[in-house]
1. In degrees from 0 to 90, rounded to the nearest 10, what is the angle of the helix 45-58 Cα long axis to the longest principal axis of the chain?
2. Provide the gained length on full extension for the span Gln224 to Glu10, in nm with one decimal, where the gain is 0.36 nm per separating residue minus the Cα-Cα distance.
3. Assuming 0.36 nm per residue, please report the length gained on full extension of the stretch Ala80 to Ala116 beyond their Cα-Cα distance.
4. Rolling a 1.4 Å sphere over the protein heavy atoms, what is the accessible area per residue of the chain, to the nearest Å²?
5. GluC sites (Glu not before Pro) within region 128-181: which are DSSP loop residues with at most 11 other Cβ atoms inside 10 Å?
6. Could you tell me which of Leu174, Gly204, His106 has its Cα farthest along the dipole of the chain towards the positive end, charges placed at Cβ (Lys, Arg +1; Asp, Glu -1), taken about the Cα centre?
7. Under the rule of -39500 (n - 2.57) per DSSP H run of 4 or more residues, summed and divided by the residues of the chain, what mean residue ellipticity at 222 nm is obtained, to the nearest 500 deg cm²/dmol?
8. At a threshold of 8 angstrom on Cα-Cα distance, excluding pairs fewer than six apart, so keeping six or more, what relative contact order does region 59-114 reach in percent?
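The values are calculated or read from the model by the stated rules, or taken from the named source; none is laboratory data. It should be emphasised that the depicted structure is a prediction, and the values quoted were computed from it without experimental measurement. Heads up, the Cβs are rebuilt from the backbone with ideal geometry, glycines too, and the neighbour counts pull from every protein chain shown. For the accessible areas, the whole protein counts, side chains as well, though only heavy atoms, and no ligand, DNA or RNA atoms are used. Shrake-Rupley method; radii C 1.70, N 1.55, O 1.52, S 1.80 Å.
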Amino acid sequence: MSGHGGGWQEVGERVFRFRYRSMDLNVGAVLGDGEVLVVDTRSWAAEAEELLADLRALTGLPHRQVVNTHAHFDHCFGNATLRPAAVWGHRRCIENLRTRGEEQRHATMRGMPDVAGALAAVRIDPPDRAVDDGGATLDVGGRRVELRFCGRGHTDNDLVVLVPDVGVVFAGDLVEEGAPPSYEDAFPLEWPATVDRLLDLAPGIVVPGHGDVVGPDFVRRQRQELAAMADLCGRVVTGELPAAEALRRAPFPEDHARGALERARVTRTLSARAAWRAGAAAPGRARPG
Ligand SMILES: [Zn+2]
């Protein structure tokens, strides 16, 4: 055991995760012939430097490629330290960091004043390799690694990293161990189906964004909780169920359930606007204004 985390754990042949004490975050390392792929980069420069030192203790291989599972700071604000590696991320992860990265930085600084200085010094460095909803296949020193978009869930830009030859999936925060799922940027009504598509990848081992390594049975149980929460959200949004009753029946603690209800309301409005925009942009239809 090292002081700052649990050390590298091999979760499949030449596939490792490091569980950091800070944020209880998991970082992944996938070794190929001649290079290592890194999954997520931690929260600020000193944390990313520590990650690089840990990586050097694991392997002498260079990290030429990095993946960000999504645009939350604890998974990608360390990017600049891992350059000049190519950084892969969903197209909307890139867009989010470009347009709302500063907003996220300041919100996080307010929430974590003891590390505000470190966050203030971060150079937000969005991925430079964009992945569309159709996903991407990486060649990591002759080893195939798949980046899959399973749908909207924890955010609108969650990428899942599949190492097919060992059946390991890095799930990002689509799966959460040790704490309830986090809804602050989530799509509560779509999340269960997204986890279904993750399970369709038939992983033997799932490394969540935070907490302990789990198996598919854990993910199926969490999917049932997400589905129960989605059902309650849907009934509150349509006015069928009072919010207080939904909070009482929710499978998650009240603050998480409250976040889910709020996001269900917001994302329903976003979807309606997107549909309107698609209609307004259709040929032959005049755009207002
Ligand atoms: Zn997250």
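1. Long axis of 45-58 versus the principal axis of the chain: about 50 degrees.
2. Extra length from Gln224 to Glu10 when fully extended: 74.2 nm.
3. 11.2 nm
4. 44
5. Those that pass, being in a loop and sparsely packed, number zero.
6. Selected residue: His106.
7. -12000 deg cm²/dmol
8. Contact order relative to length: 36 percent.
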